[in-house]
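All remarks here apply to the structure that follows.
Nothing in this text is a laboratory measurement; each read-out follows from the coordinates by a stated rule. Since we're looking at a predicted model, the values are computed, not measured. Here the Cβ is made from the backbone with ideal geometry for all residues, glycine too, and neighbour counts use every protein chain on show.
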Amino acid sequence: MTSIVLGSSTSQWQRIIHEAGESCQLQLDEEMESYLVFLMMRFQDCPEVAESVIALEYLNSQLTSGRLKQDQLREVGDRCLLFSGFFPKRADKCRVKISYFVEIGRSAYHQLAGHSAAKIQQLYLHLAEGFVPLMDVLQTVRQMGQDLPVLGPLEATELWQDTGSKSALSSLRNHTNVLPVRFSTQIKH
């Protein structure tokens, strides 16, 4: 496995993301793989990303319009993708489940698609719909070169139950030899 070095070049991130996709058996198309590469490059030298308050940023984006709204929604979606995938322990620090970041991120990308030109609208729809597999690839990147799993058994169970994450299921299976059963949390009338 490849170890992650801060300051990695485009080709290094591309190799890492591609290897992670293969490792977790997710075939990302070129557009999604490139998006993750540039996301990692954009945030690799930004330690302040961990200090953001996602809910506040998301709410602030609702009060804006035009290009500022688009920029804020993209920032929220990207940070949610980073938090849920590359920094899942951030959820514990915020006292929320990882799926909190998944839902806000998906919502931000969906809204962004609605506020974008047709040319780029498909990219943001693709990001919203593919959020969980992208998160899984980033969790696999995070796992590379580590002995301990990225997710604990409770985190893995919750994330799998909430999102159907293949990475969370794999992590759960690494913690126990029990085959989990997914149940619906929706109330039926």
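The Cα atoms of the stretch 10-145 define a convex hull whose projected area, averaged across directions, is 8.0 nm².
Think of the stretch 10-145 as a dipole: +1 on every Lys or Arg Cβ, -1 on every Asp or Glu Cβ, centred on the Cα centre; then among Ile104, Ser84, Ile120, Ile104 lies furthest on the positive end.
Only Cα pairs under 8 Å and at least 6 apart count here; give the relative contact order of the stretch 95-165 as a rounded whole percent. Intermediate values should be presented prior to the final figure.
On the way: 46 pairs, mean separation 25.8, N = 71.
36 percent.
For the stretch 111-185, the set of chymotrypsin sites (Phe, Trp or Tyr not before Pro) satisfying both a DSSP loop assignment and a count of at most 13 other C-beta atoms within 10 Å is given as Phe183. Dipole orientation for the stretch 10-145: of the candidates Leu63, Ala20, Gln44, Leu63 has the Cα lying most toward the positive pole (charges on Cβ; Lys, Arg +1; Asp, Glu -1).
Residue order for Ser170, Ser84, fewest other beta carbons within 10 angstrom first, comes to Ser170, Ser84. With R₀ fixed at 22 Å, the C-beta to C-beta distance from Leu125 to His18 puts the FRET efficiency at about 0.45.
Quick check: residue separation of Asp92 and Asp29 times 0.36 nm, minus the Cα distance between them. What number comes out in nm?
19.6 nm
Basic side chains Lys and Arg get +1 at the Cβ, acidic Asp and Glu get -1 at the Cβ, and with that the dipole of the stretch 49-89 about its Cα centre reaches some 80 debye.
Take every pair of alpha-carbon atoms less than 8 Å apart whose residues are at least six positions apart; their mean separation over the length of the stretch 25-172 yields a relative contact order of 21 percent.
The residues Cys80, Cys24, Cys94, when put in order of fewest to most other Cβ atoms within 10 Å, stand as Cys94, Cys24, Cys80.
Name the trypsin sites (Lys or Arg not before Pro) in the stretch 29-134 that are in a loop by DSSP and that have at most 10 other C-beta atoms within 10 Å, would you? Filter output for the stretch 29-134: Arg95. Note on the chain: GNM, Cα springs under 10 Å; of Leu59, Leu127, Leu148, the largest mean-square fluctuation is that of Leu148. With neighbour counts taken as other beta-carbon atoms within 10 Å, the residues Ser171, Ser23 rank, fewest first, as Ser23, Ser171. Model label points for His175 and Leu59, set 7 angstrom from Cα along the Cα-to-Cβ axis, are 3.1 nm apart. Taking a spot 7 Å from the Cα of Asp147 along the direction of its beta carbon, which residues of the stretch 73-113 have an amide N less than 16 Å from it? Once the point is set 7 Å along Cα→Cβ of Asp147, nothing inside the stretch 73-113 turns out to lie under 16 Å by backbone N. For the chain, adding -39500 (n - 2.57) for each run of n ≥ 4 DSSP H residues and dividing by the number of residues yields -21000 deg cm²/dmol at 222 nm. Coupling constants for the stretch 84-90 follow from the phi torsions by the Karplus curve (6.51 cos²θ - 1.76 cosθ + 1.60, θ = phi - 60°), and in residue order they are 6, x, 8, 10, x, 5, 4 Hz; glycine and proline get x.
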